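Working notes, beginning with the structure itself.
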Amino acid sequence: MPNAVELEISLSAFDANATPPRYRVMLRYDRSDSDARMSDASGEAVFPLNELLLLEADAEQYGRKLTQLLFADEGLKQRFAIVRAIAKEFECALRLSLYIDETAKSLHTLRWETLRSPDPENDTSLLTDDAIRFSRVPIVHDLRPVHLAPRSNRRALIAIATPENIHEYPQNGQVLESADFQKENELANDLLKIDTVSMAEPITLAGLVTKLRDGYDILYLVCHGRAASGDRPAQIMLQKPDKNVDIISARAFINALKQIQDLPRLIVLASCQSAGSGMSGSEDALISLGPELADAGVPAVIAMQGRISIETIKCMMSLFFDRITSLDPNQIQPIDTALSQARHNAFLMQRHDWWMPVLFMRLKSGGLSYYEPKLSGTKINWDTLITKIIQEGGCTAMLGSGLTEALIGSNRDIARKWAAQYGYPLNSNSYDQ
């Protein structure tokens, strides 16, 4: 029985010069209990941005339209239905991932988290289903390995940039307000469930990089940003030493983080929640950093694709951090599972912006850390250890030869017995090796 059924939706440009551009859609299916290669299902799709833009005020209508466009090919719709049915039959999770090729980067601006079931007889929100784990898979050129950290040693760094002269940099006709550092810091500390370190202002790029070198599992970064426009790249707004705005291009920010050997396993990008209401453009800038940070080597990034309310942040992220940082082996969840549960919770509470958090993840397991059994004393209590392994599951005990020699003999003794039993010609020197 599989632990999970995996389905990757891959999008790449097929005819970028067409109006609207045409894209190739590939569905790649895999399951953890099978060594067989599965054939892909493929089709074509178009995503007229103007039509989707008109529906942005209604997440349900937007999601319905986006689903129709993605599964316009009947073969894709049928393959998705079969894979979902397999997951339900085995009562296991469906890990759904979205891979957007470099030729189709503009599609990251679409609100994929609003997708609905392509089955017309079951027109429900797809990604608020607890049984579906969803993430966007970034394009990654960084080849550094990613290792789990012990669950008992996790730390989070909170960095909140509130430049004093932010009002001098209006966006979309809106004057930005300086956020309340104390309120933002209290919110972040309430959400995170592990040891936290809050950086004091000013949050400079050099100071942030220096602090991250101390080693953190999570970076919770709160700042304003500016979306790309024309020849101007996306930018974020940190602080200079005098606490005024320091405009940093997304590329400069990414390059600075690339110099850090051990990057945080998870980065959460949030725009200021206490700096007034309305869309400022900061959200577009921060979400564009998601794939770039993942490409730079960050295993998982969460960003917001809109002006999410503080109530939804509390509703979703509190549950999310509780799930990924729990010390209870029965409660701990992978990052994608935890966010799916948080999204479902916000949906049930009728939060209109439940779809806004976006997860970019390159992790196979989705885990933030591994469980490290705490055994007191210098002498290992083997009864306690074996009992923990049996009760908690998910672990295979491997006994070294030193533990089995008393039962079956050493490797040398076994070799000698086999040589004698099967008539293998060993010379006199081999008997002592």
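The values are calculated or read from the model by the stated rules, or taken from the named source; none is laboratory data. Since this is a predicted model, take the numbers as computed values, not measurements. Glycine gets a Cβ as well: all are built from the backbone with ideal geometry, and neighbour counts include every protein chain shown. With ligands, DNA and RNA removed, areas are computed over all heavy atoms of the protein, side chains included. Shrake-Rupley method; radii C 1.70, N 1.55, O 1.52, S 1.80 Å.
Here are a few things to note about the model shown:
- Here the extension length gained between residue 262 and residue 410 equals 49.1 nm, from 0.36 nm per residue of separation less the Cα-Cα distance.
- Taking amide H as placed 1.01 Å from N in the peptide plane, residue 238 has its amide H under 5 Å from the amide H of 246, 248, each at least 5 places away in sequence or on another chain.
- Surface share of carbon and sulfur [accessible, 1.4 angstrom probe, percent] for the chain: 49
- Put simply, the amide H of residue 196, placed in the peptide plane, has neighbours under 5 Å in 156, leaving out anything fewer than 5 places away on its chain.
- In order along the range 34-45, the phi-based Karplus estimate (6.51 cos²θ - 1.76 cosθ + 1.60, θ = phi - 60°) of 3J(HN,Hα) comes to 10, 9, 7, 7, 9, 6, 7, 9, 9, x, 10, 8 Hz; Gly and Pro are listed as x.
- Local net charge near residue 162, Cβ-Cβ under 9 Å (Lys/Arg +1, Asp/Glu -1): -3
- Amide hydrogen proximity for residue 98: with H placed 1.01 Å from N in the peptide plane, the residues at 5 or more positions away or on another chain lying under 5 Å are 9, 135, 136, 137.
- Estimated at 0.36 nm per residue, the fully extended path between residue 85 and residue 384 surpasses their Cα-Cα distance by 103.6 nm.
- Relative contact order of the chain: 13 percent, from C-alpha pairs under 8 Å at least 6 residues apart in sequence.
- Helix 181-191 axis versus longest C-alpha principal axis of the chain: approximately 40°, rounded to the nearest ten.
- Matching label, Kirkwood radius over Cα pairs in Å computed from the structure shown, candidates (1) 24.2; (2) 23.4; (3) 28.9: (1)
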